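One structure below.
Coordinate-derived values only; no laboratory data. Predicted, not measured: the structure shown is a model, and the values here were computed from it. Cβ coordinates were reconstructed from backbone atoms using ideal geometry, including for glycine residues, and neighbour counts include every protein chain displayed.
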Amino acid sequence: MAKLIFPEGFLWGAATAAYQIEGATLSDGRGESIWDRFSHTPGNILNEENGDVACDHYRLYRQDVKNMADIGLNAYRFSISWPRIFPQGSGKPNLKGLDFYRRLIEELHKYKIKPSVTLYHWDLPQALEDKGGWRSRDTAKYFNQYAAFLFENLDLPVDRWITLNEPWVFAFIAHAMGVHAPGMNDFSAALQVAHNMLLGHGLAVSSFRDIKRKDEGIGITLDLKPVHPASENKADLAQAARTDGFMNRWFLDPIFRGSYPQDMVEIYARSFELPRAEEEDAAIIAEPIDFLGINNYTRTIVRAGSSEDDFMGNPLNPQEAEYTEMGWEVYPRGIYELLTRVHRDYGPLPLYITENGAAFDDELNSDGTINDKRRINYLQGYLAEAWNAIQEGVPLKGYFVWTLMDNFEWSFGYSKKFGLIYVDYTSQKRYFKDSAYWYRDVISRNGLEV
Ligand code: IFM
């Protein structure tokens, strides 16, 4: 049996997001978010579910932190709900909202769990959506004000700050494909959203530098996927390069190289409106960051699409592969491919896997156990490949499982279970899955036995 030991000080965490777990959407002065509005609009969410109660984490957070400590986590990534802090998006802050996060951080510190705080995980205040949402440049400015307020007033040590979670998903799935809040189908609008989000990110990084907090640093989390051509033929190879431009480079390049990838600019310009930008934007977006967070679950294989402007291509799903309940291929080598590629093309800088995990059809047995062997295999496979990347010199500093406990999986409602902990939504009782015990052993050994 081989032992794959991770570097000393490696962060072992789990990640969550406010709207997916907190519930208490009407408590203590929280304002409406676009996800409240979207999930309460019939037809948007499977079984008409919503995040009104979710895991009731707003009330049960102490128990949840204790569960993290029992697993042995030394890090926890969560997001702050913007409408709890600024119910109208800007203007008068709601100090009761801020207090909740203070209590949560204090509880984490009690168990020596390092907080990683995401400022934006998709729950925009509805009041800002009513003024044009992220399509409007003003939202970048409001985001920066909200971020600066937290940098100044969340006066407890936060290990790491993450400006945005998965801007690709928020821009395109929510504005071009209509599947997430606010539910639009306009690709040009999605490009503008992506630009304004990146601008908000850069402004917040500058505010962080100005305020001189003593925390470890600030970065952004991107969802990245290796894109493979279906064959070595020229058309498939060109397709893979375009799909990679759409999914990965459109965000990596402006952040690390100060400009959008030229091939994609030309393709988009032929069919859509390019984002309106001001001269200083490129430099703001490229404001240096302290680390990059990567969310990775799967890969994409593409065959050439209908034209040389097709940036999505035709997906190919190999029959022999294993798939999760999301229909995502289990492809552990992908995390190695991404880590080494990002390090080579955009590094060097510290990297974190800020999300990785799998939804399976877990069942609660009558004795309270959940035997989620497939999740253990999934996590073990991905972690072994992350370890391989470290051996090649990639500065991977931490790994966060998605997710701590089953929760509201956006348009899929509660039907998809990604957690290390099973949640009975009727009683709000939590049950450790086998994967939680497995992860506890990994953390205590600081590595894997494979
Ligand atoms: O649940 C989501 C999370 O909010 C963002 N990353 C992917 C997860 C699984 O779909």
>> Below 8 Å between Cα atoms, with a sequence gap of 6+, how large is the relative contact order for the chain in percent?
In response: 19
> Compactness ratio of the stretch 253-358: Cα Rg over 2.2 N^0.38 Å, N = residue count?
Replying inline: 1.30
> In the stretch 1-91, with Lys and Arg counted as +1 and Asp and Glu as -1 at Cβ, which of these residues, Gly51, Ser33, Met68, has the Cα nearest the positive end of the dipole, that is, farthest along it?
Replying inline: Met68
> Within the chain, which complete DSSP H helices have Cα atoms spanning at least 24 Å along the helix axis and a mean Kyte-Doolittle hydropathy of -0.5 or higher?
Replying inline: 187-211
>> For Met247, Met405, which order do you get if you count the other beta carbons within 10 Å of each Cβ and list the fewest first?
In response: Met247, Met405
> Based on the Cα gyration tensor of the stretch 31-179, what are the three equivalent ellipsoid semi-axes, each the root of five times an eigenvalue, rounded to whole Å and given largest first?
Replying inline: 26, 19, 14
> Could you give the distance between the Cα centres of the stretch 344-384 and the stretch 164-181, to the whole Å?
Replying inline: 23
> Taking a point 7 angstrom from the Cα of Glu308 along the C-beta vector, which residues in the stretch 242-262 have backbone N less than 16 Å away?
Replying inline: 242-243, 262
> Zone of Lys96 (label point 7 Å along Cα→Cβ, backbone N under 11 Å): which residues in the stretch 106-127?
Replying inline: none
>> Using the Karplus curve 6.51 cos²θ - 1.76 cosθ + 1.60 with θ = phi - 60°, what ³J(HN,Hα) values do you get for each residue of the stretch 294-311, in whole Hz, with x for Gly and Pro?
In response: 10, 9, 9, 10, 7, 10, 10, 10, 10, 9, 4, x, 6, 8, 6, 9, 6, 9
> Per residue of the chain, what 222 nm ellipticity follows from adding -39500 (n - 2.57) for every DSSP H run with n ≥ 4, rounded to the nearest 500?
Replying inline: -11500 deg cm²/dmol
> Are there GluC sites (Glu not before Pro) in the stretch 264-316 that DSSP marks as loop and that have at most 16 other Cβ atoms within 10 Å, and which are they?
Replying inline: Glu273, Glu278, Glu279, Glu280, Glu308
>> Amide H of Gly398 versus every other amide H placed in the peptide plane: which residues, excluding those fewer than 5 positions away on the same chain, fall under 5 Å?
In response: Leu11, Ile353
>> Could you tell me the center-to-center distance, by alpha carbons, between the stretch 13-53 and the stretch 108-158 in angstrom?
In response: 17
> Which length gain, in nm to one decimal place, applies between Glu279 and Gln145 when the Cα-Cα distance is subtracted from 0.36 nm times their residue separation?
Replying inline: 46.1 nm
> Taking a quarter of the surface of the Cα convex hull of the stretch 116-190, what do you get in nm²?
Replying inline: 5.1
>> Which residue fluctuates most in the GNM of the chain (Cα springs below 10 Å): Val117, Val53, Val401?
In response: Val53
> Which residue fluctuates the most in the chain, going by a Gaussian network model with Cα springs under 10 Å, if the choices are Leu316, Leu191, Leu420?
Replying inline: Leu316
> Going by the alpha-carbon gyration tensor, a ≥ b ≥ c the square roots of its eigenvalues, is the stretch 294-354 rounded (a/c under 1.5) or, if a/c is not under 1.5, prolate (a/b greater than b/c) versus oblate?
Replying inline: oblate
> Looking at the chain, what % of the alpha carbon pairs are farther apart than 31 Å?
Replying inline: 38
>> For a quick check, take a GNM of the chain with Cα springs below 10 Å and name the residue from Arg270, Arg160, Arg37 with the largest mean-square fluctuation.
In response: Arg270
>> Just want the answer: with Cβ charges of +1 for Lys and Arg and -1 for Asp and Glu, which residue in Leu224, Gly200, Phe172 is farthest toward the dipole's positive end in the stretch 166-243?
In response: Gly200
